[in-house]
Amino acid sequence: MNSKANNITRYQMLCIGFVALLSPIIRLLPQQLVNSAGPHAWLTTLISLVPLLLVFMLVLRFFKYALPNEGYCELFLRSLGKTMGKVLIMLFTLWMLFYTAFALRSAADRYVSTAYFNTDPKIFCISMLVLCIVPALGRFRVLGRTAECFFPLLVITLIFVFAFSFTDVDFKFIPPPTAAKPLTFIKGVPTVANVMSVAVYMGFLEGRIGEKASRKKMAFIWLGLITLVIMLLCVVTVGTFGETMTSRLSYPFFIVIRNLSLFNFLERLEAIILALWVFTDYALISAMLFAIVNNLRVCFNYIPESAESEKALCLKNGRWLIWLSAALVLLGALFIAPDALILSKLSRELIPGINNVFTFGLLPLVIIVGLLRKKV
Amino acid sequence: MYTLYISVQKRIGALLLVFSSLLALCGCNGSIYANYRELDTLQLVQTIGIDPGDEKKLRVTISTGAGTEAIPTAKISRESESIILAMEYLQDYSGKEELYFSHTRYALLGDEAARRYLPEFLDYIERSPRLRMDITPYVVRGGTAEKAISESGDKRYEVTEAITAMERASKRNGVCYPYSCREVARSIAEYGGALICAVAAKKTEDSVFVESGKLAVVPSGYGIIKDGKLAGYLDINESRGANLLLNQIENSSFYFEPAGLSGVTVLTDVSNTEYTAVFDESNVLRQLKVEISLKAGLVENDSLLDLSDPEVEKAMNRALSEKLCEYSEKAMRHSLELECDFMGLYGTLLCKYPSKLAESKESFMPMLKNAEISISADAKIDHSFNMVRPIGEGGKEGGDEQQG
């Protein structure tokens, strides 16, 4: 059980989920989604709601009778038994370690590709991880409150970018969808699902949320907000660059920002907005680190709640796992991809597949087993 | 004791944070950051020109915008194997710490460069960390970018200012719309064709603005881009026709001579172009009907026409409609002859007939070429400026009469 002082509110969790998800959204969605769904990427986002809602409903059902401060880990143990439960938690944790390392390396690549050209991405990997260890060593509530501050800032930035870039949008490049090729709309669904799956991992932190009420309401508000952001992102990038150009640019959204001009008196705002995107990586990597350490503590039979009252540099009660996880994430980030081309290949071919297997295959399976065994 | 230790530790931490933030102050930058530059050490490039050089080289010319007595305009030109190498070469000759390309506004492409190197240039712009994709490209019709940049203007008035002034005027007059590199690249990627504003560098007589013998940059219609390369030009009136078909006419002036009457000049208010297509059962385009509707106001007439006369009104409307059709037909003819959809008609029709075009197995341009195309215009001159009747008409001077 976690101490109440360390718990966050449901709204803070929504903020973490929103801010953290902006990182993979900007990295993957406009380009990869247009690659598979063409100019109707906005429609694919809507279609993606179907599988996402199904998984959401399952997850919500999973937590329906959960005790206060119970997350996936506790429910996995109840559903599958101690041994199988721990094996599954470990499996998820290993994948989450790999995914966090990949997210860290991708964030570093974004800085190199969009603003700090000819710089070694390792510098960004190290500095970003140092930044993310700080909240991981402290209380989870700090991350919640930080995300609460970033959330309005990033929403305002997005509104500002969308509003000013709409003048460049030509709707001729977003033709109405037809029934001629229905498969093209569905082809992009795994891409959207892959990005959204990050939010599913946040279920490992469910036990850190103080209030049990409004779980469903906040989950749907979050889903609605993210869907709206993705749809607008697709409309703005496809309308600005057309289908072909969007699919060949590395970070089309940042090029939209680079081209922003405020009535011809303020230009080249990309460095400022790119700096704001540090918050998204910070929220994503920190939250994932929290979740990974939380899982490892369960696996190694440590008591999560007492650790938070300890000093930041204390290694007792499994706190060494924070350093171990951070070190593994850093090692992964440094060696996962020697260059941007391999990173892009990983991002296109390997990561989405495994991610979707975990969140849309393994997780629903465990939930169904738990429900059938009447353990949850 | 332990509490005191923690308190001191926190204060030291806070002080370290405060001192580390001082590193961001500009005074520290020169010594700490390798990439920091003071503003006065930068040479801001405003216009860049591309021409073919000797052998397989490219010639890049730059202009730094209007100068002052103290800092005159810098115009330099160098050749190298690629744009970026030429830029680096230019840097050696600039005399400034850094040639700063991030705020470049215009790119002039010589006629020959637009025919040979446009895809390479657009590719460079798309990749470039220095240049923005929203800079406006211009083709120097029948000339070189180097000449247009180096010989236009004088110490006070140079090519960037000339293009800015011309750009605003030509957009307002409906002569040409300044498409950015992004729009050109997007159109080429989607439709295989695009339009780029064309300018001509012409010798001027002595004027207030430009010294005698220097060049002035004047609008010269559109350059037609097919498969990424310059394939021809639309003259000024054909450009107006293309703008009508593209639905982007603002306050454009049209001169025409109604049958039996003298010349009339009108200023357009609103225009709208509607496309109606007829497809056969296998979704092949058979007919394309283009209907232009336009409203305009009379601004000038050669022989004091009476607008209240219905016959005069009819004759004027008819003549203006014919003129609009003529210009638009010419632009359309270029598109069909070159088999190049530089006006993005495919996109326009795809928005209106998505299922028909999506299901059609034929390519768009050959289909359009074989289709029956009719362009009609319905122009209406529905007001004049300030005066209802011409001077001398009805025994009163204009301006006395009030409109009811």
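Brief remarks follow.
- Of residues in the stretch B:171-181 being in contact with a helix residue (DSSP H, G or I) (Cβ under 7 Å, 6 or more places away or on another chain) and closer than 20 Å to B:L118 by Cβ, the one farthest from the other protein chains (Cβ to nearest Cβ): B:C176
- Selection within the stretch A:110-128 - assigned to a helix (DSSP H, G or I) and within 14 Å of chain B (Cβ to nearest Cβ): A:R110, A:Y111, A:V112, A:S113, A:T114, A:I123, A:S127
- Within the stretch B:302-313, tally of residues that are modelled with pLDDT of 80 or more and closer than 13 Å to B:F256 by Cα: 0
- Contact map, the stretch A:171-196: first residue more than 11 Å from chain B (Cβ to nearest Cβ), second residue charged (D, E, K, R), Cβ cut-off under 9 Å, separation 6 or more or different chains; pairs are A:V195/A:R27.
- Tally of residues being touching a helix residue (DSSP H, G or I) at 6+ places or on another chain (Cβ under 8 Å) and modelled with pLDDT under 85 across the stretch B:361-404: 1
- Of the listed requirements (1) in a strand (DSSP E or B); (2) buried (at least 23 other Cβ atoms within 10 Å of the Cβ), B:N243 misses just one: (1).
- Options A:V195, A:V161, A:V229, A:V134: the member that is more than 18 Å from the chain's Cα centre (by Cα), surrounded by 16 or more Cβ atoms within 10 Å (Cβ to Cβ) and either at pLDDT below 85 or assigned to a helix (DSSP H, G or I) (or both): A:V161
- Helices (runs of 4 or more DSSP H) contained entirely in the stretch B:294-363, each with at least 3 residues that are in contact (Cβ under 8 Å) with a residue 24 or more places away in the chain and away from chain A (no Cβ under 14 Å): B:310-338
- Verdict on A:F140 being within 25 Å of A:N295 (Cα to Cα) and away from chain B (no Cβ under 14 Å): yes
- Considering residues of the stretch B:125-141 that are over 17 Å from the mean Cα position of the chain (by Cα) and not acidic (D, E) only, the residue nearest to the other protein chains (Cβ to nearest Cβ): B:P129
- Residue within the stretch B:155-170 that is buried (at least 20 other Cβ atoms within 10 Å of the Cβ), in a loop (DSSP other than H, G, I, E, B), more than 11 Å from chain A (Cβ to nearest Cβ) and charged (D, E, K, R) present: yes
- Criterion violated by B:E146 - all others in (1) in a helix (DSSP H, G or I); (2) within 14 Å of chain A (Cβ to nearest Cβ); (3) at pLDDT 90 or above satisfied: (2)
- Within the stretch A:118-170, if we keep just the residues that are touching a residue at least 12 places away in the same chain (Cβ under 8 Å) and of a type in the set (D, E, K, R), the residue that is farthest from A:V238 (Cα to Cα) turns out to be A:R139.
- Options B:T104, B:T41; residue that is in contact (Cβ under 8 Å) with a residue 24 or more places away in the chain, within 27 Å of A:R258 (Cα to Cα) and surrounded by fewer than 15 Cβ atoms within 10 Å (Cβ to Cβ): B:T41
- Listed by position, the helices (runs of 4 or more DSSP H) inside the stretch A:282-376 whose residues that are under 18 Å from the mean Cα position of the chain (by Cα) and either β-branched (V, I, T) or closer than 25 Å to A:F150 by Cβ (or both) number at least 3 are A:320-335, A:351-357.
- Condition met for A:K345 (on the phi > 0 side of the Ramachandran plot and either in contact with a helix residue (DSSP H, G or I) (Cβ under 6 Å, 6 or more places away or on another chain) or of a type in the set (D, E, K, R) (or both)): no
- In the stretch A:214-252, residue farthest from A:V50 (Cα to Cα) [restricted to those that are away from chain B (no Cβ under 14 Å) and of a type outside the set (A, V, I, L, M, F, W, C)]: A:S214
- Verdict on A:T100 being of a type in the set (S, T, N, Q) and assigned to a helix (DSSP H, G or I): yes
- Taking the criterion of being in contact with a Lys or Arg (Cβ under 7 Å, 6 or more places away or on another chain), assigned to a helix (DSSP H, G or I) and within 8 Å of chain B (Cβ to nearest Cβ), the only residue of the stretch A:253-274 that qualifies is A:R258.
- Only helices (runs of 4 or more DSSP H) whose full extent lies in the stretch A:13-94 are considered here, and the ones with at least 1 residues that are surrounded by 22 or more Cβ atoms within 10 Å (Cβ to Cβ), modelled with pLDDT under 90 and not hydrophobic (A, V, I, L, M, F, W, C) are A:72-80.
The values are calculated or read from the model by the stated rules, or taken from the named source; none is laboratory data. What you see is a predicted model, and the numbers here were worked out from it, not measured in a lab. Cβ: placed from backbone, ideal geometry, glycine included. Neighbour counts: every protein chain shown.
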